[in-house]
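A.B. asks: Structure provided below as structure tokens; questions to follow.
The values are calculated or read from the model by the stated rules, or taken from the named source; none is laboratory data. None of these values were measured; they are calculated from a predicted model. As a convention, Cβ positions derive from the backbone with ideal geometry for all residues, glycine included, and neighbour counts pool all protein chains shown.
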Amino acid sequence: MTCAGQSGGGGDWVGSVHRVYSVVVFIILASLDNVAIGLVPPLYSPISRALGVGEGALGVVTAISYLVTAVAAVLWAYAGDRTDRKPVLMVGTLIWAAGTGLTVFATGYWGFLAAQLLAAVGLGAVGSVGFSVVSDLISPRRRGLVMSLWGLSQGVGTLAGVLVASQLGGEDWRTPFYVLAALGVVAGVAYFTTADIRRGQSEPDLAAVFAAGEEYEHRISRDDLPRIAARRTNVWLVMQGLTAQAAFGSLVWLPRLFQARAEEQGYDERTAIAIGGLLATLFQLGGVLSIVGGLIGDRWQRRDGGGRAKVAAIGILAGVPLYVLLFFAPLSLPEPDGRPALELVLGSLFTSPSLAGAFALALLALALTSANSPNWFALIADVNPPEHRGTVYSMGNLVNGVGRAAGNGLVGAVFAALARSFPPPANLAIGLAAFQVFFIPTGIMYWLASRTSPRDIDEVHELLRARAAGEPAAVSSRTPAGDSAG
């Protein structure tokens, strides 16, 4: 890519098109790692039967995979913040594709676990390093909008994983893994076609650096880690994930809840799996409205330095009662008559008031809680200089992974304990409802972040303006990669 001020009009136009194309590619590719994450839970029952273990053991695999992905992301992100990010992304993508492909050859529990953990290591690179790249493509004024697309792609990927697993894995649970492994190889190759994104290129405070034909050469070092931790907004943004993801992590059992409701009404397991996956996918379409949350966050942030955090706090807290109502909402399906699951579910949305009501509840609940995602992404970019963003994002993802692993693992134990008094699907509904209490401290931490973010954002602007004004390390191409960025 040419530097600002060095290219002609045609070059600027071509460069802009390439940047837009690159944003689209990164958003699409980011969804694939979440497809991988969403494959296993809808297939718990057939996989557990094939491997000769209980469904709870597969819940442990999912929980450990979340944790491994989160830990690996910190290492991938630190490497990406110090080096060329494109090769890091390519290698990570090929690793998760290899792990997904090896999953189909697993004949026992430990082989399945090993393949899934290999995939988890590679998955850690995509979100953390990809986030750093995308944050350098988008100006601060539009971060909420574009980050809503980034977050939406991941949510869509998770839903796609549920859909692919439930629709392709009914007869043979291995089929979805074959498909995704092939797509992973294609994704790794696709990174070749994206633009070379310069660190900090979207920052107005650094415009003079790039206009002069220079580069922003600051890179993270170990000395920066205490500075990152001392930035109070980072503390709230990272720690909220512990409680938020405990609640979100429990939601991977949503297809299992709907499967149990279908089996309760007389459907066989294969059809019930397909119904559960379809309902979970349809009921989470409200996540599309995260775009609205991102737009509101952009507008509020222009008037109030704590605006993004306030949008997230309000959305998270307002969604709690709606989720609880959804879990207990009756889902009346027609008598089993041999129709395909897709036809049955889509038809029932228009003929069953209970199903239509549950769908409306789900849309609203997801629309509110999904406001969290784009504003979290945008805030991390707002309160950190470019060379810190991938690492802070990965730290947040590490805590997210711990919270999600805890939520996913503990909720299985809660279901089992409740089943002694409440048979399925009642035990599933009660357990999921109980886990929504974790959203309350999440909302409080976002509100606290709204108090600290204005000061932290101002400090980042002052830092970047000082570097652009002539600090030698800010523009010198001879700056060592390990120079302190603080």
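A.B. asks: Note down all Cβ pairs under 8 Å where the first residue falls in region 68-91 and is within 12 Å of V126 (Cβ to Cβ), the second is β-branched (V, I, T) and in a loop (DSSP other than H, G, I, E, B), and they're at least six residues apart or on different chains.
C.D. replies: R85/I197
A.B. asks: Shifting gears a bit: Suppose we keep only residues that are small (G, A, S) and buried (at least 21 other Cβ atoms within 10 Å of the Cβ) within region 288-306. Which one would you say is nearest to S348 (Cα to Cα)?
C.D. replies: Applying the first criterion (small (G, A, S)) to region 288-306 yields 290, 293-294, 297, 305-306.
Now narrow it down to the ones that are buried (at least 21 other Cβ atoms within 10 Å of the Cβ): 290, 293-294, 297, 306.
On the way: S290: 27, G293: 30, G294: 32, G297: 36, G306: 43 Å.
Once the filter is applied, the top-ranked residue is S290.
A.B. asks: Then there is this: Across region 92-118, what is the number of residues that are part of a helix (DSSP H, G or I) and free of Cβ contacts under 8 Å to residues at least 40 places away in the same chain? Steps first, please.
C.D. replies: The first filter runs over region 92-118 and keeps only residues part of a helix (DSSP H, G or I), leaving 92-103, 109-118.
So of that shortlist, the ones also free of Cβ contacts under 8 Å to residues at least 40 places away in the same chain come out as 92, 95, 99, 102, 110-111, 114-115, 118.
So the count comes out to 9.
A.B. asks: Quick one: is S132 part of a helix (DSSP H, G or I) and farther than 16 Å from I47 by Cβ? Steps first, please.
C.D. replies: On the way: part of a helix (DSSP H, G or I): yes; farther than 16 Å from I47 by Cβ: yes.
Here the answer is yes, as S132 does meet what is asked.
A.B. asks: While we're on this one: Given the conditions (1) modelled with pLDDT of 80 or more; (2) part of a helix (DSSP H, G or I), and given that V53 satisfies all but one, which numbered condition is not satisfied?
C.D. replies: The number of the failed condition is (2).
A.B. asks: Would you mind telling me which numbered condition in (1) crowded, with 24+ Cβ neighbours inside 10 Å; (2) within 19 Å of the chain's Cα centre (by Cα) T103 fails?
C.D. replies: Every condition holds for T103 apart from (2).
A.B. asks: Something else: Looking only at region 291-326, count how many residues are within 30 Å of F415 (Cα to Cα) and either not aliphatic (A, V, I, L, M) or not in a helix (DSSP H, G or I) (or both). So that I can check it myself, show each step before the final result.
C.D. replies: First, the residues of region 291-326 that are within 30 Å of F415 (Cα to Cα): 312-326.
Filter once more, so that each one left must be either not aliphatic (A, V, I, L, M) or not in a helix (DSSP H, G or I) (or both): 315, 319, 321, 323.
Here the count works out to 4.
A.B. asks: Next question, about the same structure. Quick one: count up the residues across region 206-244 that are more than 26 Å from W376 (Cβ to Cβ) and in a loop (DSSP other than H, G, I, E, B).
C.D. replies: Total meeting the criteria: 5.
Per-residue answers, yes or no, for (1) over 17 Å from the mean Cα position of the chain (by Cα); (2) touching a residue at least 24 places away in the same chain (Cβ under 8 Å); (3) surrounded by fewer than 23 Cβ atoms within 10 Å (Cβ to Cβ):
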{"position": "R198", "(1), (2), (3)": "yes, yes, yes"}
{"position": "A229", "(1), (2), (3)": "yes, no, yes"}
{"position": "A247", "(1), (2), (3)": "no, yes, no"}
{"position": "D268", "(1), (2), (3)": "yes, yes, yes"}
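A.B. asks: Suppose we filter I444, I440, I430, I457 for residues that are assigned to a helix (DSSP H, G or I), at pLDDT 90 or above and in contact with an Asp or Glu (Cβ under 9 Å, 6 or more places away or on another chain); which single one remains? Before the answer, list the steps.
C.D. replies: Numbers: I444 fails: in contact with an Asp or Glu (Cβ under 9 Å, 6 or more places away or on another chain); I440 fails: in contact with an Asp or Glu (Cβ under 9 Å, 6 or more places away or on another chain); I430 fails: in contact with an Asp or Glu (Cβ under 9 Å, 6 or more places away or on another chain).
Result of the check over I444, I440, I430, I457: I457.
A.B. asks: While we're here: Can we say V324 is crowded, with 22+ Cβ neighbours inside 10 Å and of a type in the set (A, V, I, L, M, F, W, C)? Walk me through it before giving the result.
C.D. replies: On the way: crowded, with 22+ Cβ neighbours inside 10 Å: no; of a type in the set (A, V, I, L, M, F, W, C): yes.
The answer is no for V324.
A.B. asks: Name the pairs whose Cβ atoms lie under 6 Å apart, with the first residue in region 300-320 and closer than 10 Å to W447 by Cβ, the second among the aliphatic types (A, V, I, L, M) and at pLDDT 95 or above, and 6 or more positions between them or separate chains?
C.D. replies: A309/A449
A.B. asks: Provide a single number: the residues in region 158-173 that are at pLDDT below 80 and either within 18 Å of V104 (Cα to Cα) or not hydrophobic (A, V, I, L, M, F, W, C) (or both).
C.D. replies: 7
A.B. asks: Quick check on my filter: what residues within region 327-347 are touching a Ser or Thr at 6+ places or on another chain (Cβ under 8 Å) and either surrounded by fewer than 20 Cβ atoms within 10 Å (Cβ to Cβ) or part of a loop (DSSP other than H, G, I, E, B) (or both)?
C.D. replies: Across region 327-347, the qualifying residues are A329, P330, L331, S332, L333, P334, P336.
A.B. asks: Then there's this: Looking at A272, A260, A280, can you tell me which residue is in a helix (DSSP H, G or I), in contact (Cβ under 8 Å) with a residue 60 or more places away in the chain and more than 19 Å from the chain's Cα centre (by Cα)?
C.D. replies: Details: A272 fails: in contact (Cβ under 8 Å) with a residue 60 or more places away in the chain; A280 fails: more than 19 Å from the chain's Cα centre (by Cα).
Testing whether each residue is in a helix (DSSP H, G or I), in contact (Cβ under 8 Å) with a residue 60 or more places away in the chain and more than 19 Å from the chain's Cα centre (by Cα) leaves just A260.
A.B. asks: Determine, yes or no, whether G161 is at positive phi and touching a residue at least 24 places away in the same chain (Cβ under 8 Å). Walk me through it before giving the result.
C.D. replies: Values: at positive phi: no; touching a residue at least 24 places away in the same chain (Cβ under 8 Å): yes.
Here the answer is no, as G161 does not meet what is asked.
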